[in-house]
Amino acid sequence: MVSIVIVSHSQKLADSVTEIALLMARTAKIEAVGGNDDGDFGSSERKIIQAIEKMYTEDGTIVIADIGSSVNTAKSAIKKIIESGKTNVVLADCPMIEGAIAAAVMSSVDMPMSEVVRQAEDAKKLKKA
């Protein structure tokens, strides 16, 4: 099963997005990571790497980040993970909430990583009004 790591500037936000996604797909494997190393608002490469390592699966691990420096920090963490030999990790280019839900649903029905990523990224096209 493809796993998912939710990255946010806020642990509370990452936890909440994970909670919503798990309501839609209870069997999905999702880890929430947020805040800097001191627990304040920000992002931590170390915490992201730990979350990816914890959730890594040969089926693939998708990272979904909120905005700005969390995206950049996630990219850096993914690069280091790949350099360590765990190559099946990608950053999905998607809105965090909608993408996390789509990814969780697809992962929970054992779709391949390419389809999980595609569905998460297609969430950018959803109309709300």
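The values are calculated or read from the model by the stated rules, or taken from the named source; none is laboratory data. Just so it is clear, the model here is predicted, and its values are computed rather than measured. All Cβ positions, glycine included, derive from the backbone under ideal geometry; neighbour counts span all protein chains shown. Heads up: the accessible areas ignore ligands, DNA and RNA and are worked out on the full protein's heavy atoms, side chains in. Shrake-Rupley method; radii C 1.70, N 1.55, O 1.52, S 1.80 Å.
What to note about this one:
- Selected residue (criterion: most open to solvent (accessible area, probe 1.4 Å)) from residues of segment 58-87 that are of a type in the set (S, T, N, Q) and within 13 Å of the chain's Cα centre (by Cα): THR73
Okay, residues lined up against (1) hydrophobic (A, V, I, L, M, F, W, C); (2) under 12 Å from VAL5 (Cα atoms):
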{"residue": "ASP59", "(1), (2)": "no, no"}
{"residue": "ILE64", "(1), (2)": "yes, yes"}
{"residue": "GLY68", "(1), (2)": "no, no"}
{"residue": "SER76", "(1), (2)": "no, no"}
{"residue": "GLU83", "(1), (2)": "no, no"}
{"residue": "LEU91", "(1), (2)": "yes, yes"}
{"residue": "ASP110", "(1), (2)": "no, no"}
{"residue": "VAL117", "(1), (2)": "yes, no"}
{"residue": "GLU121", "(1), (2)": "no, no"}
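- Condition check for LEU91 on (1) farther than 21 Å from LYS124 by Cβ; (2) in contact with a Lys or Arg (Cβ under 7 Å, 6 or more places away or on another chain): one failure, at (1).
- Within segment 43-60, residues that are over 13 Å from ALA28 (Cα atoms) sit with their Cβ atoms under 8 Å from residues that are among the acidic types (Asp, Glu), at 6+ positions apart or across chains, in these pairs: SER44/ASP37; ARG46/ASP37; LYS47/ASP37; ALA51/GLU31; LYS54/GLU31.
- Of the strands (runs of 3 or more DSSP E) lying entirely inside segment 1-76, those containing at least 3 residues that are out of contact with any Leu (no Cβ under 7 Å at 6 or more places or on another chain) and among the aliphatic types (A, V, I, L, M) are 3-8.
- Taking residues in segment 1-26 that are farther than 21 Å from VAL90 by Cα, and partners anywhere that are polar (S, T, N, Q) and open to solvent by less than 50 Å² (accessible area, probe 1.4 Å), the pairs with Cβ atoms closer than 8 Å and at least 6 places apart or on different chains are ARG26/SER108.
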